[in-house]
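Student: Handing you this structure, nothing more for now.
The values are calculated or read from the model by the stated rules, or taken from the named source; none is laboratory data. This structure is a prediction, so every number in the text was calculated from the model and none was measured. Note: ideal-geometry Cβ built from the backbone for every residue, glycine included; neighbour counts use all protein chains shown. Just so you know, the surface numbers come from the protein's heavy atoms only, side chains and all, with ligands and any DNA or RNA stripped out. Shrake-Rupley method; radii C 1.70, N 1.55, O 1.52, S 1.80 Å.
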Amino acid sequence: MQAIRVNQFGGPEVLRLEEAPTPQPGPSEVLVRVHAIGVNPVETYIRAGTYARLPELPYAPGNDGAGVVEQVGADVTEFKAGDRVYTAGSLGGTYAEFALCKKEQVHPLPANVSFAQGAAMGTPYATAYRGLFQRADAKPGETVLVHGASGGVGTAAVQLARAQGLRVYGTAGSERGIKLVREQGAHEVFDHRAANHFEQVMKATGGRGVDVIVELLANVNLGGDLTILAKAGRVMIIGSRGRVEIDPRDTMKRDADVRGMILPNTPPAELASIHAALIAGLENGPLRPVIGKEFPLAEAAQAHRAVTEPGALGKIVLVPDKYQLRKTNQEPRNPGIG
């Protein structure tokens with residue numbers, strides 16, 4: 001099979017397309033023929049060697065993908081060859097034509113969801129769900145602000161919060177991004193390029209502040225976040241690219257919480273409940289992953305550059321050449337069956 005390999009940590013150019021043996025599933029494992037691969041910012045930090053948890057070299061990147069079950073191990077009864085699935089984790093990386101997974105890392109992909117959309121589920125939607133409901137304890141009727149709401153995790157958070165009855169505010173950094181966030185169901189959207197956008201959010205709440213903030217760039221926003229929280233408000237840190245200075249008094253006078261998370265810390269039972277909820281959301285309609293750009297598998301380096309650029313719109317996916325469906329310069333979309 002063809003697979004992307006990283007032989008040394010470094011820039012996007014270290015992502016190399018190589019020939020590799022097609023893995024064979026063990027007793028409790030599933031081999032998936034991959035039709036689409038999700039690209040996540042965390043994979044760029046791992047590739048660069050700057051993430052807290054680093055794999056041994058060489059390695060194949062990727063946790064997220066979607067495709068068709070090729071083969072199952074002797075102890076697997078939940079899936080069979082030909083089943084449509086998405087992956088949330090793998091044993092050897094998903095940037096490849098085949099991905100070997102533990103059976104717990106494989107989930108049914110409803111017939112109304114494309115493979116590209118399925119590749120957007122594992123990290124973005126699970127992260128947004130855990131951040132909102134398991135860590136920030138967001139409740140129907142509360143107000144949530146999603147920073148960077150036009151990207152993969154951001155659009156997921158907007159859809160999940162709206163489906164659970166929260167009042168949803170979002171930020172984006174372009175007219176296209178603002179339009180996209182509105183289309184995902186946000187009640188109000190703010191341009192985070194505006195110097196006074198924190199004041200605009202506070203005004204929109206009538207001066208009360210927001211109950212939950214989903215923070216994807218804490219090193220830029222955390223100091224401002226703490227000034228617009230309601231009493232007992234929570235900032236849920238999902239992403240950060242550096243250090244930040246805050247005034248602790250802003251937390252004290254609001255009885256505020258600043259919480260953090262990374263998806264690998266999720267206990268197995270909580271992870272299973274996340275995916276049960278996500279699959280139901282896909283089947284019933286409120287969850288509809290937005291695909292921004294597709295790149296051929298061989299252009300993984302270009303995809304890594306794109307996923308860290310400002311103004312991301314929807315999810316970036318890699319597609320093995322034989323499955324490539326569209327060019328990369330089209331509008332973000334909610335694709336159908338693929």
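Student: I want to check the label-to-label distance for Ile262 and His187. Put each point 7 Å from Cα in the C-beta direction and report it in nm to one decimal.
Tutor: Each label point is offset 7 Å from its Cα along the Cβ direction, giving 3.5 nm.
Student: With the crude spin-label approximation of a point 7 Å out along Cα→Cβ, what separation in nm comes out for Glu309 versus Lys80?
Tutor: Going by the 7 Å Cα→Cβ label model, 4.5 nm.
Student: Could you give the radius of gyration (one decimal) and Dmax (whole number) of the Cα atoms in segment 155-302, in Å?
Tutor: In order Rg, Dmax, the Cα atoms of segment 155-302 give 16.9, 52 Å.
Student: Hey, could you get me the Stokes-Einstein D for segment 14-100, Kirkwood radius over alpha-carbon pairs, 25 °C and 0.890 mPa s, rounded to whole µm² s⁻¹?
Tutor: Details: Rh = 13.6 Å.
It comes out at roughly 180 µm²/s.
Student: Additional query: How would you order 271-279, 20-28 from highest to lowest mean count of nearby Cβ atoms within 10 Å?
Tutor: Ranking the peptides 271-279, 20-28 by packing returns 271-279, 20-28.
Student: So between Glu283 and Ser28, what do we pick up on full extension, going 0.36 nm a residue minus the alpha carbon distance?
Tutor: Details: separation 255, 0.36 × 255 = 91.80 nm, distance 2.65 nm.
Between Glu283 and Ser28, full extension yields an extra 89.2 nm.
Student: While we're on this one: Under the rule a/c < 1.5 gives rounded, and otherwise a/b versus b/c splits prolate from oblate, where does segment 132-241 land using the Cα gyration tensor? Kindly include the intermediate steps, with their values, before the conclusion.
Tutor: Values: a/c = 1.22, a/b = 1.06, b/c = 1.15.
Rounded, because the longest to shortest axis ratio a/c is under 1.5.
Student: Now for a separate question. Where does each of Thr50, Thr227, Thr266 land when they are ordered by accessible area, with a 1.4 Å probe and the largest first? Display every interim value, and only then the final one.
Tutor: On the way: Thr50 105, Thr227 55, Thr266 15 Å².
Result, largest first: Thr50, Thr227, Thr266.
Student: For segment 151-164, take each phi angle, set θ = phi - 60°, evaluate the Karplus expression 6.51 cos²θ - 1.76 cosθ + 1.60, and give the result in whole Hz per residue in order, putting x for glycine and proline.
Tutor: So the Karplus estimates, Gly and Pro as x, are x, x, 5, x, 5, 4, 5, 4, 5, 5, 5, 5, 5, 9 Hz.
Student: Report, as a whole number in µm² per second, the diffusion coefficient that Stokes-Einstein gives for segment 223-302 at 4 °C and 1.567 mPa s using the Kirkwood radius over alpha carbon pairs.
Tutor: Working: Rh = 16.6 Å.
In µm²/s, the coefficient rounds to 78.
Student: Further, regarding this structure: Add -39500 (n - 2.57) for each DSSP H run of 4 or more in the chain, then divide by its residues: what number comes out at 222 nm, to the nearest 500 deg cm²/dmol? Each step should come with its number before you reach the end.
Tutor: Details: 10 runs with 82 residues, N = 338.
Helices in the chain give a 222 nm mean residue ellipticity of -6500 deg cm²/dmol.
Student: Related question: Scan (i) 113, 47, 42; (ii) 68, 44, 31; (iii) 59, 40, 36 for the value of Cα extents along the principal axes in Å calculated from this model and give just the label.
Tutor: Looking at Cα extents along the principal axes in Å for this model, the match is (iii).
Student: Once both labels are modelled 7 Å past Cα along the beta-carbon direction, what's the Asn219-Arg16 spacing in nm?
Tutor: Rounded to a tenth, the inter-label distance reads 2.9 nm.
Student: What accessible area per residue comes out for segment 270-321, rounded to a whole number of Å², with a 1.4 Å probe? Please list the in-between numbers first.
Tutor: Details: 1890 Å² over 52 residues.
Here the per-residue accessible area is 36 Å².
Student: Only bridges whose two residues both fall in the chain count here: according to DSSP, what percent of them are antiparallel, nearest 5? Let's see the in-between values first.
Tutor: On the way: 31 of 57 bridges.
Antiparallel: roughly 55 percent of the beta bridges in the chain.
Student: Can you pull out the trypsin sites (Lys or Arg not before Pro) in segment 1-105 that DSSP calls coil and that have at most 15 other Cβ atoms within 10 Å?
Tutor: Numbers: sites: Arg5, Arg16, Arg33, Arg47, Arg53, Lys80, Arg84, Lys102, Lys103; in loops: Arg53, Lys80.
Answer in residue order: Arg53, Lys80.
Student: Between segment 10-40 and segment 263-319, what is the C-alpha centre distance in whole Å?
Tutor: For segment 10-40 versus segment 263-319, the Cα centre distance is 16 Å.
Student: When the accessible area of the chain is computed with all protein chains present and a 1.4 Å probe, what percentage of it is carbon and sulfur? Walk me through the intermediate numbers first.
Tutor: Working: 7310 of 14510 Å².
Solvent-exposed carbon and sulfur of the chain make up 50 percent of the total.
Student: Which value, in Å², gives the accessible area per residue of segment 1-127 when a 1.4 Å probe is used on the protein heavy atoms? Don't skip to the end; give the middle numbers.
Tutor: On the way: 4950 Å² over 127 residues.
Accessible area per residue, segment 1-127: 39 Å².
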